[in-house]
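The values are calculated or read from the model by the stated rules, or taken from the named source; none is laboratory data. Every value quoted in this text rests on a predicted model; they were computed, and no experiment measured them. Positions of Cβ are generated from backbone atoms using ideal geometry, with glycine treated the same way; all protein chains shown enter the neighbour counts.
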């Protein structure tokens, strides 16, 4: 299956490489509970859930929605109602009931778009609950909502409405999950849901709104799958090289198996329009690590420390990452605490441990079973070295 | 009646597709790539989103227009595609709803009526939020499964208007409905697509349009001339004169196609008055364009650009910050943005970055606006770029007395020229020549050199042209160029150059004559080495040695002259004397391959194989990509009897220079020594094929191979099969004569071999039996008749002492055998 490079574009389910095992695992988990799917941006979360929606293993109702635009409870209710409206329409009896409910709360349906009256957020959530219950009642299979970018929606709710509105939605959804055994939800998002939950907790909302859900990380592709993807792209783009298999391996390894970057590198090789070798690939990657134009915006890994980490934590996070960037191999926790403690005036070891947990959740750092820590992505480590002038 | 096509400088989207295609340059591969991605988006589920980045005037609209026309002309896409092209200035898009309405409007105005008009009108009766959701639904219904190609120009403005909320809605829509493919353009990379915190981070395939280089500019202008039916102008543009003129304005245009299009009107104007008029008109045309570009900037950025207009030339960040009353950090940030947007360019000198306007024409146009009363300064600058000094002087001579203003322009330009160290046209050419030479871009370097010979015509310019032609493997053409400037009075250097060109072209007699011309020049301090080289080439070793000795006396650090001394002494067969100068050269230039090669080969010939190997190894370490070191390493190892290692070195040399047939011979010899006959003969066959029938393979190689076969066969069962294959290979390559010479040349080795006389005798008998008795007989191996006879006779006479063997030969054959025997038995062998 020769493929064309398509950095950032829509990759159809039948062109998705190397995610079958993860998808099978997700279906197994969904058999028992809902899922929070986490990963860095462009890791391929949306492609995975697109494939799940397109190719479910059993008959059921599967809805995909991108919620990044949603800024209020009302909009959320309307958006979900829109998506299930067509399903309701297929079941005439349900459609009538839905319409009655809609009229009762003063809403209307115009050309397939459900419109609720302003200020009817609470009614909207009730209507949503009611309709989901009806759907489940009249459908024997599972009903799964794949909600993409849910942390962004919560962020919008906090910014435009209130912390309470965000918490209200999360609580409502949790209640639905708890009362409807065949209802499943898949939350995905590029900014970690934990960041929003931590912020809500700091604002006084102690509910563990997602602790009934399984948190599943989307890792980069395994080296074999990443090389396979690169190989198919090299073939599809007809890129001349003396040994395409080898070159594919070099590409996969140079970008840590992140599918988006693999597409990106092959796209740039294709734009070059000349025979390529290992050095061409390394040249492209190196340029992105140091280029002021920074198409890959790796600077984000530095900037978000300031954005998401409170003032007392960000110096610790920087010191941890600096220490890991210069270390030739993974560092044992005790040694890291010692290294970082020397740079952090507070000397508060528990604070450092807390930051380490966050850095792991934010995909900067990983820890192995022996307790040693390292950068999760060698590519980001190289960027960090270059950006912070730490040398190899 | 032929109609001149519309060539719009500011709105290429108005141009006919044929015209867009006709003047399209540089970006064909990219256009094809984008077209393929759009086709894939229409014909499959995959969807591509491409963003073309480039400053104003770089050709973005031309590019997207061309892609649009190519896509809409594809019959097989007609029923599966809807196109919405949002024009350059889509002012007023402030929300996702606005964008949807523009798309719906664009769809209504194009192609089949897919949008139901009343339903669009109904949208205006809804609240904005409801209208937005309804419009999105309406659009997807209208598409009915077709793919929507949205072309958006100035995406950064559309995104800026939509703000983050609108962008998120758009992205959510695209994520939920995989029905859109997007081709967008923007002036520079902007936060809305490049920041990880932006909804569209990583969403687009980002393509930066490159500015035109000189070749692209020439093609563009020639294409424009042809599109306008002016074949004469097209021909002029492609001539060295035309290129020189375009090169002169290249730095004014800053690689911006729009500016080239405007300047294209000047190209065939040689009269001053026409030029003045056109220049002023062009500046008038450009002024609104540049003013509009200024309006796109923030007040702070505008202030910086204005300062650079006044400043003329590059300024450091510190100075710019000071003059704009802003901090260094702010100035640095703003300048980076201006660079990304194509307004300025930067150059680093030490730790400091200097910024200047990217397009000098922008300065001209903005200056003209400011200094209406005194346009002379910028026009003078233009004249200097446009005309050579000679042309300026000619115009001045021919100017009528009444043209006082023109006289002022010309005099000012000439005065500026005399006050300046260099002519800008020549400076531009020289700079390009240097850069192309440095990067070994020989075709481009040749063009620059050709223009230099026209603009200036110094000997150095002609020689640069000659060098470029040589690098391009055109020694004949290089020789012709050199002949154009050679006279009987030319100096030794030019004759030396000519001689080398004759040699490269295979004209050895002519080369010898040219070397004689070198020797006929009175030697100078600079030319002793050339005299030495010429004498060396003519085999006049004593003379060469004397000249080189004089050269090193004058320049004791001249490595090539020391090496020349060594070569002259080798020519005189004074190998031991040759070593000190060769070693001196190595001391002076311990990493120069040529110098190391001479010394290494000498050491090997003196039997100092380990020293030769070490030197060859140094060559390999210094320049692993140069085959010379590997070759000499192979020679040294072969001489040491390390045939496996030698073979590996030769194979590496062959990989680096696959065309050299001699590598096959060396490999063949090593393989023979290792008893790998099939491979050995195959390698010899390859060498014969490469060498061709016209030129004989060096006889020492053939003799060497034959001796290996002989020695091996002496202890093994069979020569016959190998010998027959060797004959067969030579016959197929029409090279039996070469084999015959090898047979006679092996006599010395044959007689010296430590084998029974009967074995030697059997060898010669075998060869005798493979050839007819008389040459010229109708036998495919008749060329071997005489050599095998001579070998047989020499061996039998030597072994038996029977004079009848010689007396049976013809007188001339007898003399040859006597000479062969004398050489084999008396002369010391000369290593190859």
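Computed quantities for the displayed model
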read-out	value
Conditions (1) crowded, with 19+ Cβ neighbours inside 10 Å; (2) within 9 Å of chain A (Cβ to nearest Cβ); (3) out of contact with any strand residue (DSSP E or B) (no Cβ under 7 Å at 6 or more places or on another chain); (4) at pLDDT 85 or above: number failed by residue B:174	(3)
Filter result for residue B:583 (free of Cβ contacts under 8 Å to residues at least 24 places away in the same chain and assigned to a helix (DSSP H, G or I))	yes
Unmet requirement for residue A:82, which otherwise passes all of (1) closer than 27 Å to residue B:181 by Cβ; (2) more than 8 Å from every other protein chain (Cβ to nearest Cβ); (3) part of a helix (DSSP H, G or I)	(2)
Considering residues of the range B:327-337 that are touching a residue at least 24 places away in the same chain (Cβ under 8 Å) and in contact with a helix residue (DSSP H, G or I) (Cβ under 6 Å, 6 or more places away or on another chain) only, the residue nearest to residue B:317 (Cα to Cα)	B:331
Matching residues, the range A:63-73, being under 15 Å from residue B:165 (Cβ atoms) and either touching a helix residue (DSSP H, G or I) at 6+ places or on another chain (Cβ under 6 Å) or within 7 Å of chain B (Cβ to nearest Cβ) (or both)	A:66, A:67, A:68, A:69, A:70, A:71
Selection within the range A:103-120 - within 14 Å of chain B (Cβ to nearest Cβ), within 23 Å of residue A:136 (Cβ to Cβ) and either touching a residue at least 40 places away in the same chain (Cβ under 8 Å) or in a helix (DSSP H, G or I) (or both)	A:116
Candidate set from the range A:272-303 (those that are in contact (Cβ under 8 Å) with a residue 40 or more places away in the chain and surrounded by fewer than 19 Cβ atoms within 10 Å (Cβ to Cβ)); member that is nearest to the other protein chains (Cβ to nearest Cβ)	A:299
Filter pass, residue A:308 being within 14 Å of chain B (Cβ to nearest Cβ) and over 17 Å from residue A:380 (Cα atoms)	yes
Scope the range B:285-311; condition farther than 19 Å from residue B:259 by Cβ, touching a helix residue (DSSP H, G or I) at 6+ places or on another chain (Cβ under 9 Å) and in a helix (DSSP H, G or I); matching residues	B:300, B:301, B:302, B:303, B:304, B:306, B:307, B:310, B:311
Residue match in the range A:313-321 (condition: within 12 Å of chain B (Cβ to nearest Cβ) and assigned to a helix (DSSP H, G or I))	no
Per-region count, the range B:14-47, residues within 34 Å of the chain's Cα centre (by Cα), surrounded by 16 or more Cβ atoms within 10 Å (Cβ to Cβ) and within 9 Å of chain A (Cβ to nearest Cβ)	3
Subset of the range A:348-392 (residues that are assigned to a strand (DSSP E or B) and touching a residue at least 12 places away in the same chain (Cβ under 8 Å))	A:365, A:367, A:372, A:373, A:374, A:375
Odd one out for residue A:17, checked against (1) part of a loop (DSSP other than H, G, I, E, B); (2) within 11 Å of chain B (Cβ to nearest Cβ); (3) at negative phi	(2)
Restricting the range A:42-62 to residues that are touching a helix residue (DSSP H, G or I) at 6+ places or on another chain (Cβ under 7 Å), buried (at least 16 other Cβ atoms within 10 Å of the Cβ) and not in a loop (DSSP other than H, G, I, E, B), the residue that is nearest to the other protein chains (Cβ to nearest Cβ)	A:46
Options A:247, A:269, A:235: the member that is more than 27 Å from residue A:320 (Cβ to Cβ), assigned to a helix (DSSP H, G or I), modelled with pLDDT of 90 or more and within 14 Å of chain B (Cβ to nearest Cβ)	A:269
Single condition residue A:264 does not satisfy, out of (1) touching a residue at least 24 places away in the same chain (Cβ under 8 Å); (2) more than 22 Å from the chain's Cα centre (by Cα); (3) in a helix (DSSP H, G or I); (4) over 30 Å from residue A:356 (Cβ atoms)	(2)
Check on residue B:488, surrounded by fewer than 15 Cβ atoms within 10 Å (Cβ to Cβ) and over 30 Å from residue B:557 (Cα atoms)	yes
Matching entry among B:146, B:134 (being in contact with a helix residue (DSSP H, G or I) (Cβ under 9 Å, 6 or more places away or on another chain), farther than 30 Å from residue B:337 by Cβ and away from chain A (no Cβ under 14 Å))	B:146
Residue in the range A:181-196 that is surrounded by fewer than 19 Cβ atoms within 10 Å (Cβ to Cβ) and in contact with a strand residue (DSSP E or B) (Cβ under 7 Å, 6 or more places away or on another chain) present	yes
Selection status of residue B:169, in contact with a helix residue (DSSP H, G or I) (Cβ under 9 Å, 6 or more places away or on another chain), buried (at least 20 other Cβ atoms within 10 Å of the Cβ) and at the interface with chain A (Cβ under 9 Å from one of its Cβ atoms)	yes
Test: residue in the range A:146-155 that is farther than 18 Å from residue B:165 by Cβ and either under 19 Å from the mean Cα position of the chain (by Cα) or not in a helix (DSSP H, G or I) (or both)	yes
Flag if residue A:39 is over 20 Å from residue A:232 (Cβ atoms), touching a helix residue (DSSP H, G or I) at 6+ places or on another chain (Cβ under 6 Å), within 14 Å of chain B (Cβ to nearest Cβ) and surrounded by 15 or more Cβ atoms within 10 Å (Cβ to Cβ)	yes
Sole exception among (1) farther than 14 Å from residue A:73 by Cβ; (2) touching a helix residue (DSSP H, G or I) at 6+ places or on another chain (Cβ under 7 Å); (3) touching a residue at least 40 places away in the same chain (Cβ under 8 Å); (4) in a helix (DSSP H, G or I) for residue A:133, by number	(2)
Sole exception among (1) surrounded by fewer than 18 Cβ atoms within 10 Å (Cβ to Cβ); (2) within 11 Å of chain B (Cβ to nearest Cβ) for residue A:33, by number	(2)
Among residues of the range B:37-69, those that are touching a residue at least 12 places away in the same chain (Cβ under 8 Å), out of contact with any strand residue (DSSP E or B) (no Cβ under 9 Å at 6 or more places or on another chain) and over 26 Å from residue B:342 (Cβ atoms), counted	1
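Conditions tested, residue by residue: (1) more than 14 Å from chain A (Cβ to nearest Cβ); (2) in a loop (DSSP other than H, G, I, E, B).
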| site | (1), (2) |
| --- | --- |
| B:78 | yes, no |
| B:82 | yes, no |
| B:100 | no, no |
| B:129 | no, no |
| B:156 | yes, no |
| B:178 | no, yes |
